[in-house]
Every structure is written in C-alpha cells, then in structure tokens.
Amino acid sequence: MADTSSQQNKIILPDSNKNIDRRSFLGLGAATLGGVVLPSLLSPAMAANFKSGVIDDGTRRIAFRNTHTGESFSGVYRVGDKYLPDAFKQMNIVLRDFRTNQVYAMDPRVIDIIYTVHRMTGQRKPFDIISGYRSPKTNNMLRKTSTGVAQNSYHMKGQAIDLRMEDFSTARIRDLAKSLRAGGVGYYAKSDFVHMDSGDFRTW
C-alpha cells in the first residue's frame with residue numbers, strides 16, 4: 001500500500017533561492033490553503049474526471065522542476081477526493097512568480113490537468129515548468145516585451161502552467177492536453193512549451 005503521507009513529499013530549494021518573501025507567502029499562499037478561502041480545496045475538482053482512459057488508483061503524485069530557480073517538487077498531492085494542503089503549500093512555492101517572489105495558491109484543477117497529461121505520456125521524467133503563477137506586475141512587463149501574453153492571463157489567477165518535458169515531444173504534450181478537452185491549451189513551438197490552464201476549453 002502506497003504511503004500517502006504528505007511528509008513523503010519532497011521540495012528542493014537551492015540555497016540561493018531559500019529567502020522567499022514571507023509576507024507574500026503568508027498573505028497569498030498559506031492563508032488561502034488553510035481551507036478558508038480556496039473553494040476547490042473543499043470541493044475536489046470534479047472536472048478532473050477526464051475521459052482520458054487513464055486508470056487512477058486514487059493516489060495522485062506529481063513531479064516538476066522550475067527551470068528558472070532550479071527548485072523542484074515531487075510527491076503526493078491528492079488522495080481520492082481529498083487534496084493535501086501541505087503539498088499545495090510546497091507546490092505554490094515552486095510555482096511562484098520568481099521575478100517578484102510572490103507566492104499564490106494554484107488552482108487544484110490545473111494541477112489535476114498536468115497530472116493527467118503526465119500520466120498519458122507514459123514517462124517518469126518530471127515536467128520542466130516555464131511559468132506558474134504570474135503577478136500583475138510581471139504580466140504587464142511581459143506584455144511589453146513579449147508577444148502572446150494575455151492582459152487577463154490565467155497565470156495571474158493561479159490557473160495556468162507553461163511546461164515542457166526533456167527529450168519528449170512538446171507537440172505530443174499539446175495533443176494529449178487537447179484530447180482531454182479540460183481547459184485551455186496553447187502551443188508555442190518556437191519557445192518549445194505548452195500552456196495549460198483550467199479555464200474553458202480552447203486551443204491556439
């Protein structure tokens with residue numbers, strides 16, 4: 001029987017990145033993950049019952065690495081219909097806006113989406129995360145310097161993740177994500193990453 005204790009989760013923080021903005025974490029991450037504000041932690045993501053053909057034993061484990069900070073998370077984040085708040089606190093740190101050091105509560109539904117896509121790849125490698133939460137300040141900056149950055153980006157709501165996987169076709173990840181019809185899927189071939197979000201199904 002699998003050990004589903006949150007104590008088995010691992011978060012790796014390089015020494016140079018351990019000085020996280022505590023005020024941002026307490027104000028945006030821990031408070032919302034205390035089960036007080038975030039409805040989707042109280043009501044598991046029923047939308048995660050995707051028609052993907054993936055057999056799920058009830059225990060969901062995810063692993064990913066932030067390409068900008070070198071930080072990573074590996075562990076169980078959901079058991080049956082229950083999300084594990086401690087796991088989300090750790091994931092939110094890894095998925096924070098590294099430019100402003102702001103931590104924000106990620107939507108469990110987008111974690112379920114990337115989990116399901118990862119299972120469908122059949123790979124053991126972790127996802128490489130390009131972008132998770134994005135503060136309004138960062139989003140505005142990127143809009144001025146990059147193309148394809150939405151003014152009301154789902155990244156600012158903790159509902160989007162940009163990712164790739166080492167030695168695995170990014171186009172294939174896109175196709176798998178599209179097959180779920182579970183949220184937004186954007187493919188950026190030139191930059192070699194896929195955007196996934198928990199909004200309405202749409203592709204670009």
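The values are calculated or read from the model by the stated rules, or taken from the named source; none is laboratory data. If you're wondering where the values come from, they're calculated on a predicted model, not measured in any experiment. Reconstructed Cβ throughout: ideal geometry from the backbone, glycine too, with neighbour counts over all protein chains shown.
Here are some notes:
- Some residue of region 125-135 being over 23 Å from Val94 (Cβ atoms), touching a strand residue (DSSP E or B) at 6+ places or on another chain (Cβ under 8 Å) and in a strand (DSSP E or B): no
- Under the condition of being surrounded by fewer than 12 Cβ atoms within 10 Å (Cβ to Cβ) and small (Gly, Ala, Ser), the residues counted in region 187-204 number 1.
- Set Arg164, Arg202, Arg172: member being in contact (Cβ under 8 Å) with a residue 24 or more places away in the chain and in contact with a strand residue (DSSP E or B) (Cβ under 8 Å, 6 or more places away or on another chain): Arg164
- Contact map, region 69-80: first residue at positive phi and charged (D, E, K, R), second residue surrounded by fewer than 19 Cβ atoms within 10 Å (Cβ to Cβ) and at pLDDT 95 or above, Cβ cut-off under 7 Å, separation 6 or more or different chains; the map is empty.
- Residues being in contact with a Lys or Arg (Cβ under 9 Å, 6 or more places away or on another chain) and under 22 Å from Gly186 (Cα atoms) - total across region 63-93: 4
- Residue that is farthest from Ile113 (Cα to Cα), among those in region 136-183 that are in contact with a Ser or Thr (Cβ under 8 Å, 6 or more places away or on another chain) and part of a loop (DSSP other than H, G, I, E, B): Phe168
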